[in-house]
Structures are given as structure tokens and as C-alpha cells.
Amino acid sequence: MQERKIVYFDSPGKQNTENVLMLAKKRFDEGDIGKVVVASATGETAVKALNFFPADRMVVVTYHAGFDEPGAIELKEENRKILEERGIKILMASHILSGIERSLSSRFSGIYPVEIIAETLRSLFGHGLKTCVEISVMCCDAGLVSPFEDIIAIAGTGDGADTACVIRPANMNRFFSLKIKEIICIPKRR
Ligand SMILES: Cc1cc2nc3c(=O)[nH]c(=O)nc-3n(C[C@H](O)[C@H](O)[C@H](O)COP(=O)(O)O)c2cc1C
């Protein structure tokens, strides 16, 4: 048996970013975590995370190109430069919890299995936790984290970070093998 602390933020959002990074680092320093994966659209949260984690243990996941406008890239060039200079791996890839189904739901106004999984995670546990799960699988499929090692995933609601958890990742084709092992911090109001 093990007792652990979970920090609950009053509300979701970017204002929690520094605290999330601090709490995640505290957990990372226990020494049993492989990598830290950070969701960062513009690169802002990722650049902040550089002050907390060793560069060779950090992976950044950004939006796929065209997430908003066709072809547009959200990651700011100045942030990409900072991250690349530090040797950080940046993953820009299709989002596994929307994928091609987003085209179906946009065109036909329905909802399909993958987006049901996403919405269930969002509604029950918040946007941050849903994104932590998603980026863990994306990194696992890119070979950037191992399915045999626990990681810390950090994500937020729209921007910044408000959630961190310890996850044992899985590949997309074994999604239900993924385990959320610990919640480090999460907003109370979702
Ligand atoms: C692959 C991916 C999926 C995301 N999905 C969601 C989501 O479903 N809901 C949400 O509020 N934010 C979502 N985000 C946003 C992140 O959780 C995070 O708040 C944001 O990327 C931080 O960006 P910033 O560094 O530019 O502030 C997603 C980000 C990525 C990279």
C-alpha cells in the first residue's frame, strides 16, 4: 500500500502552469520516471518546462499542422529554436484521440468511437488529463517513450498546463493497455 498526495487546483487553466511544473519535477526527482512529455501548442509551456527537467528526458508534443487553419503551424519559430538548441525532441503528428474521425464529425455532425473515448476522458477527468493520455500514446507510437517505463505527462486546458500524471504508456493499437498510475495534480472544477 502506498499513500500519495494529489494537488487539486480551484479551476482549470494556464495560471496553474508553474505549480504543475514544480509538482511534476518533485515527482520526477523520485527517480523512477523515464521521460516527461509536455503538451505545448505554441512552445510556451515547453520552454518553461526547460527550467525543470533535463533536456534529454523531455519530449514536447505540439499540434499537428493544420489543427486550426489549413497548413498553419501553431509552434512559434522562436520557441522551436530554443527547444531545438537544447536538443529537445518535438513531436508534431496526427492526434490519436480525434484523427480522421474529426473529418467525419465535422462533415456529418455525428460522434464516432474515438471521439467518444476523448469526450469521456474530457468530461470525467478534464481536458488536461485527456491530453496527457493522448500525448503519451502519440509519443509511444513515435518511439520517443517506451511502453515498458513510466512517464510523467503534462497538459492543460486550451493553453498552459493544469494537469500532470504518471502514466505507463501504450501504443495506439493497444490503447487499453495504457494505465494512468498516479494523478499528481488536476483541476477540481472541470
Ligand atoms: C495533441 C494535443 C491535444 C490536445 N487536446 C486538447 C484538448 O482536447 N482540450 C484542451 O483544452 N487542450 C488540448 N490541448 C492543449 C494542451 O493541453 C495544452 O494546454 C497546450 O498545448 C499548451 O500550449 P502552450 O504551451 O502554447 O500554452 C492539446 C494539445 C495537444 C498537443
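The values are calculated or read from the model by the stated rules, or taken from the named source; none is laboratory data. The structure displayed is predicted, hence computed values, not measured ones. Ideal geometry is used to build each Cβ from the backbone, glycine not excepted, and the neighbour counts take in all protein chains shown. Heads up: the accessible areas ignore ligands, DNA and RNA and are worked out on the full protein's heavy atoms, side chains in. Shrake-Rupley method; radii C 1.70, N 1.55, O 1.52, S 1.80 Å.
Taking a ≥ b ≥ c as the square roots of the eigenvalues of the Cα gyration tensor, segment 1-148 is oblate, since a/c reaches 1.5 or more and a/b is not larger than b/c. Ranking of GLU18, GLU182 by solvent-accessible surface, largest first: GLU18, GLU182 (1.4 Å probe, protein heavy atoms only, all chains present).
Think of segment 1-137 as having a plus end and a minus end, set by charges on the Cβ of Lys, Arg, Asp and Glu; of GLY110, ILE96, ALA65, ILE96 sits farthest toward the positive end of this dipole.
At a probe radius of 1.4 angstrom, the accessible area of segment 61-190 per residue rounds to 52 square angstrom. Between ILE82 and MET1, the FRET efficiency from the beta-carbon distance, with R0 = 41 Å, is close to 0.45.
Accessible area of HIS64 (1.4 Å probe, protein heavy atoms only, ligands and nucleic acids ignored): about 60 Å².
Give the ranking of PHE53, PHE125 by solvent-accessible surface, highest area first, calculated with a 1.4 Å probe. Can you show the working numbers first?
Numbers: PHE53 5, PHE125 85 Å².
Listed by decreasing accessible area, they come as PHE125, PHE53.
Residue separation of LYS181 and ILE111 scaled by 0.36 nm, minus their Cα-Cα distance, works out to 22.3 nm of gained length.
For MET58, the amide hydrogen comes within under 5 Å of the amide hydrogens of VAL36, counting only partners 5 or more places away or on other chains and with H modelled in the peptide plane.
When a/c is below 1.5 the answer is rounded, else prolate if a/b is larger than b/c, else oblate, so apply that to segment 64-166 with a ≥ b ≥ c taken from the square roots of the Cα gyration tensor eigenvalues.
Judged from the Cα gyration tensor, segment 64-166 comes out oblate (a/c at least 1.5, b/c at or above a/b).
Restricting segment 1-71 to trypsin sites (Lys or Arg not before Pro) that sit in a DSSP loop and have at most 14 other Cβ atoms within 10 Å of their own Cβ leaves ARG4, LYS5.
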